[in-house]
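To start, the structure under review is shown below, and the notes come after it.
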Amino acid sequence: MQKLIVANWKMNPETAEEAKKLFDSVKNGVKKVKNIEVVICPPFIYLPLLKGLALGAQNVFYKESGAFTGEVSPLMLKNLNVQYVILGHSEARKYLNETNELINKKIKEVLAVGLKPIICIGEKEGEDKNKVLQEQLKECLKSIEKKEFEKIIIAYEPVWAIGTGKNCSIEETMNSVLLIKKIIADLYKKEIAEKIRIIYGGSVNGKNSREYILKGGVSGLLVGGASLDVNEFTQIVKSVD
Ligand code: PGA
């Protein structure tokens, strides 16, 4: 299966012109890449303007339509040819108080319209990783049908590694991937755990990206800060091709 490199632009850049320029430069930079699916997740308002690479949204609501002021539905994203949705990002958990229960509702609606959720999980500094991942996976994946798992991507993003420059070691990433697989095998089935795509995020850059894919046991990367720098992001993509 193709490796997945996901750019999480967060709340950047400030104008549509800058967004188009960044997108087109990345598109140009990765055009010869063969074995990678590059997914760009810009703020909602830029989604209709960007064409030529796979698109993802950074969040979504859990209903198709209706009286939900300020929200965007999975169906609206689907109708814009968006394919992926980041859910449960630690910033949404922190600043929007998103809970595992809410994330679970969002995952179900995203799957129902045929989009692929990128579900972020990870422990904060000093937390018991085993306990946090168990709880997040159990609650986020509650009553999701087994057949849906081929569309699901789990992003292991230790909160202490996000935007800090302190990326998770390859060894710890590998251990976390094994732990996630074990938890999913216990909750569901071994075959599901073996097949599920797990990616890593947290201070990924052009220098450390390759090792994660070669030795970290992950199927891709979720890139925040470095995805806003065309050269750095292109280097990340090329390093794992
Ligand atoms: P970072 O962010 O690459 O800037 O650490 C990753 C993320 O928040 O998804």
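The values are calculated or read from the model by the stated rules, or taken from the named source; none is laboratory data. The structure displayed is predicted, hence computed values, not measured ones. Note that we place each Cβ from the backbone using ideal geometry, even for glycine, and neighbour counts take in every protein chain shown. What goes into the accessible areas is simple: the full protein's heavy atoms, side chains included, and nothing from ligands, DNA or RNA. Shrake-Rupley method; radii C 1.70, N 1.55, O 1.52, S 1.80 Å.
For the stretch 113-203, applying the loop criterion from DSSP together with a ceiling of 11 other beta carbons within 10 Å to the trypsin sites (Lys or Arg not before Pro) yields no site.
Once both labels are positioned 7 Å from their Cα atoms along Cα-to-Cβ, the gap between LYS166 and LYS215 label points is 2.1 nm. Our summary gives the stretch 76-223 a relative contact order of 21 percent, counting only alpha carbon pairs under 8 angstrom and 6 or more residues apart. Once the C-beta distance of GLU101 and ASN12 is scaled by a Förster radius of 25 Å, the resulting FRET efficiency is 0.30 to the nearest 0.05.
The residues neighbouring LEU47, those whose beta-carbon lies less than 13 Å from its own, together hold a net charge of +3 under the Lys/Arg +1, Asp/Glu -1 convention. Short-range pairs are left out: with C-alpha atoms under 8 Å and at least six residues apart, the relative contact order of the stretch 136-241 is 29 percent. Helix-only arithmetic for the chain: the sum of -39500 (n - 2.57) across DSSP H runs with n ≥ 4, divided by the residue total, places the mean residue ellipticity at 222 nm at -11500 deg cm²/dmol.
Calculation over all alpha carbon pairs of the stretch 87-241 in 5 angstrom steps from 0 returns a P(r) of 2, 9, 19, 23, 21, 15, 9, 2, 0 percent. Counted residue by residue at 0.36 nm each, then reduced by the alpha carbon distance between them, the extension gain from GLU71 to LYS207 reaches 45.2 nm. In this structure the stretch 16-63 gives 49 Å² per residue of accessible area when probed at 1.4 Å with all protein chains present.
Put a dot 7 Å past the Cα of ASP128, heading toward its Cβ, do the same for GLN83, and the two dots end up 4.0 nm apart. For the pair LYS195 and LYS51, a Förster radius of 45 Å applied to the C-beta separation gives a FRET efficiency near 0.90, rounded to the nearest 0.05.
Under 20 Å of direct C-alpha separation, and excluding same-chain neighbours fewer than eight residues apart, LYS78 reaches these aspartates and glutamates: GLU37, GLU64, GLU109, GLU148, GLU150. Determine the share of the stretch 1-121's accessible area contributed by carbon and sulfur atoms, expressed in whole percent, with a 1.4 angstrom probe. Reported share for carbon and sulfur atoms: 52 percent. Over all distinct Cα-Cα pairs of the stretch 1-42, the Kirkwood formula returns a hydrodynamic radius of 11.2 Å. With K and R counted +1 and D and E -1, the other residues having a Cβ less than 10 Å from that of GLY114 yield a net charge of +3. Put GLU194, GLU91, GLU98, GLU171 in order of accessible area, highest first, and with a 1.4 Å probe you get GLU171, GLU194, GLU91, GLU98. Computed over the stretch 1-151, the quotient of the alpha carbon radius of gyration and 2.2 N^0.38 Å is 1.08.
Each of VAL110, VAL223, ILE170 was scored by the projection of its Cα onto the charge dipole of the stretch 98-241, and the greatest displacement toward the positive side belongs to VAL110; charges sit on the C-beta of Lys, Arg, Asp and Glu. Other residues with beta-carbon under 11 Å from the beta-carbon of VAL33 carry, at +1 per Lys or Arg and -1 per Asp or Glu, a net charge of +4.
In the context of the full set of protein chains, the stretch 79-175 has a per residue accessible area of 49 Å² (1.4 Å probe).
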